[in-house]
Structures are given as structure tokens and as C-alpha cells.
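Colleague: I'd like to ask you about the structure that follows.
The values are calculated or read from the model by the stated rules, or taken from the named source; none is laboratory data. Small disclaimer: the values here were computed from a predicted structure and weren't measured. Neighbour counts run over all protein chains shown; Cβ positions are idealised from the backbone, glycine included.
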């Protein structure tokens, strides 16, 4: 079945450091890929998405490229801020009823 | 915009008690979902409703029931709560246009079963 594997956390960075959170997936067809972010006490919010191979999703300085050859969708940001501290989830969807999530990666950014 | 609204925000139950978690969305979405979130396990799908009048089991349905009351509302019921159901529960909706649509989440219900 479909599955998502993302790097285990927690990840702790200093402000303005470069961020990478790895995500790889297993799917039978051609899924859409998503990154969601969860701030304390809140639900998940869509951060970015990509719907086909070589698409790049981007939002708020975060980027991820859909790599079919490596089945990956790694999240990157060039310069993190304290306000980026949150839990990040990689997810894939192959249909209306199937959104599979990774385990989540907690990011803490220190000033 | 309210989006997806869940009630209650917090609940403590004793083993064997029952309760219903409420969810409503105002985005006219066709599909609605219930997930549970446990540490280190991401989100796991309990039940979903692809459209008004239909419900189907997800990955972890045992111990739960759902009702799609109308297009806006989708409730989750625990008939006899167990400590293993201690979790954070999220309701989500989607516009039902297929795999490209993201989920929209409520802020969750934190449930503790003692």
C-alpha cells in the first residue's frame, strides 16, 4: 500500500540556518504530494503541494520538488526563523479517500 | 472564515463511558474525515465520508462509529471508551475533486480516557 517515510526529529536549528526535512514515499500510481505544518494546539495547515513529477511547490520561503525517480519530496528553506518552529508532516494522496501521512518532524528554531 | 469547527476541545472520560465528537464545515465540501493523532505515528484515518449519505472505514475504525448528518456535519461516536482511545482527534474536509485537493483541518479534540 501507499506509505510516507520522513526523517525523524526532533530537529533543532539556529535562526537563519538552512533546513532540509527528508520525505520519501511508496505509491502504486501517480500521487499528489503535500507538506502540512502544525503549530502548537492547532490542526494541520497546508504548507505546499505538488501534483506531478518535477513540479515544485513553494510557500513562505519553503520549497519541495516532486522527484519521481527517487520517490522523494524533501522540504527545504534557506533561512529559518523562530516562527517556523512547528511539526511538519509529509503526505501523499492517490484518491479522494486516501491521504497518507508521515510520522511528523518537530522543528525547533533557536534565536 | 470558520472553516472546520470541532467541539469539544478537551474531554476526559472514564473507561466504558460514551461520547460524540462534533464537526462542522462551512466550505461546502463533499468529503469529510476523522483522524487520530498519536505520538510518532502521524495521523491515521478512522472513518471518512466521500459525500452526504455515505460513510466508509479507514485504517483504524474499531471502537468508533460515525454519522454524516448532512453536508456540513460529520460526528464521531465512541460507544464504550477505552484507554487506547486516548488521543487527539482531528476532523478534516476536502472539496472532493480528487487527489489534488488538500485537506482542511479543525483544531482538534484532545481526549483522555482513564
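Colleague: Determine, yes or no, whether residue A:51 is modelled with pLDDT under 95 and surrounded by 13 or more Cβ atoms within 10 Å (Cβ to Cβ).
Modeller: yes
Colleague: What strands (runs of 3 or more DSSP E) completely inside the stretch A:67-111 contain at least 1 residues that are at pLDDT 95 or above and over 28 Å from residue B:49 (Cβ atoms)?
Modeller: The qualifying strands (runs of 3 or more DSSP E) are A:75-77, A:86-95, A:105-110.
Colleague: Within the stretch B:42-53, can you find the residues that are at the interface with chain A (Cβ under 10 Å from one of its Cβ atoms) and more than 15 Å from residue B:105 (Cβ to Cβ)?
Modeller: B:49, B:50, B:51
Colleague: Scan the stretch A:29-48 for residues that are more than 30 Å from residue B:111 (Cβ to Cβ), over 11 Å from the mean Cα position of the chain (by Cα) and surrounded by fewer than 22 Cβ atoms within 10 Å (Cβ to Cβ) and jot them down.
Modeller: Result: A:29, A:30.
Colleague: Please work out which residue is nearest to the other protein chains (Cβ to nearest Cβ), limiting yourself to the stretch B:61-98 and to residues that are within 30 Å of residue A:55 (Cα to Cα) and surrounded by 19 or more Cβ atoms within 10 Å (Cβ to Cβ).
Modeller: Across the stretch B:61-98, the extreme among qualifying residues is B:90.
For every residue, the table says whether it meets (1) within 14 Å of another protein chain (Cβ to nearest Cβ); (2) in a loop (DSSP other than H, G, I, E, B).
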residue: A:5; (1), (2): yes, no
residue: A:8; (1), (2): yes, yes
residue: A:20; (1), (2): no, no
residue: A:29; (1), (2): yes, yes
residue: A:35; (1), (2): yes, no
residue: A:47; (1), (2): yes, no
residue: A:52; (1), (2): yes, yes
residue: A:58; (1), (2): no, no
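Colleague: Kindly evaluate residue B:5 against the criterion of being touching a residue at least 60 places away in the same chain (Cβ under 8 Å), within 14 Å of chain A (Cβ to nearest Cβ) and more than 24 Å from residue A:4 (Cα to Cα).
Modeller: So residue B:5 passes the test.
Colleague: Then there's this: Check residue A:12 against each of (1) at pLDDT 95 or above; (2) within 9 Å of chain B (Cβ to nearest Cβ); (3) loosely packed, with under 14 Cβ neighbours inside 10 Å and name the one condition it does not meet.
Modeller: (2)
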